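The values are calculated or read from the model by the stated rules, or taken from the named source; none is laboratory data. This structure is a prediction, so every number in the text was calculated from the model and none was measured. Backbone-built Cβ (ideal geometry, glycine too); neighbour counts: all protein chains shown. In case anyone asks, the SASA skips ligands and DNA or RNA and just uses the protein heavy atoms, side chains included. Shrake-Rupley method; radii C 1.70, N 1.55, O 1.52, S 1.80 Å.
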Amino acid sequence: RENLVRGTAVKATATSQIEGEECAKAVDGLYATRWHCAVTDPDPKLTLSFPRSLSGRRILLSHGWPRPRYSQFQRPLRVEVYINGKLDRTIEMDPDAMSKTEIDLGRSRRIRLLELRITEAHYGRVGNAPLGFSEVEILR
């Protein structure tokens, strides 16, 4: 209920995607679905654009396979976070496949465009592994 993305007509785009794991699945409210970039994508990026700005203070990112049995699978390690077209920060994802990574923006921010660019991976290399998120959330 706290996820501000769920109540909007968010438009999700990505540099690439795998059939069945399209970018819109990163914002569908289900942890059982996911967006994964193509294995050979050298610069994977997920972009979320909103019809009106969302006022959020925290962003939560969930790994693409949030299950203990997938703990040794490739997943994002470092992610550049762009808000409204400007690099806001580079974060390191929680290495636990079951944990969400929380990005505290410090204060409420108006977000119209959110871009997540994966620059490094756990157990794999960018451009040589399917990487992505099961859910991206924005909270007050």
* Structure fact -> Restricting region 1-60 to residues that are farther than 30 Å from Gly124 by Cα and charged (D, E, K, R), the one modelled with the lowest pLDDT turns out to be Arg1
* Asked: Quick one: is Pro95 surrounded by 13 or more Cβ atoms within 10 Å (Cβ to Cβ), in a loop (DSSP other than H, G, I, E, B) and not aliphatic (A, V, I, L, M)?
  -> yes
* **Residue pairs meeting the criteria (Cβ under 8 Å; at least 6 apart or on separate chains; first exposed (fewer than 14 other Cβ atoms within 10 Å of the Cβ), in region 35-47; second of a type in the set (A, V, I, L, M))** => Pro42/Val126; Asp43/Val126
* Asked: Are any residues in region 57-86 in contact (Cβ under 8 Å) with a residue 40 or more places away in the chain, under 16 Å from Thr33 (Cα atoms) and basic (Lys, Arg), and if so, which ones?
  -> Arg75
* Structure fact -> Looking across region 2-34 at residues that are of a type in the set (A, V, I, L, M, F, W, C) and in a loop (DSSP other than H, G, I, E, B), the single one that is surrounded by the most Cβ atoms within 10 Å (Cβ to Cβ) is Val10
* Asked: If we keep just the residues of region 58-92 that are more than 16 Å from the chain's Cα centre (by Cα) and among the charged types (D, E, K, R), which is least open to solvent (accessible area, probe 1.4 Å)?
  -> Arg67
* Asked: In this structure, does Leu54 turn out to be in contact with a helix residue (DSSP H, G or I) (Cβ under 8 Å, 6 or more places away or on another chain), part of a strand (DSSP E or B), touching a residue at least 12 places away in the same chain (Cβ under 8 Å) and not hydroxyl-bearing (Ser, Thr, Tyr)?
  -> yes
* Tally, over region 1-48, of residues that are touching a Gly at 6+ places or on another chain (Cβ under 7 Å) and hydroxyl-bearing (Ser, Thr, Tyr) -> 1
* **Hits in region 104-137 - residues which are under 11 Å from the mean Cα position of the chain (by Cα) and either surrounded by fewer than 17 Cβ atoms within 10 Å (Cβ to Cβ) or at pLDDT below 95 (or both)** => none
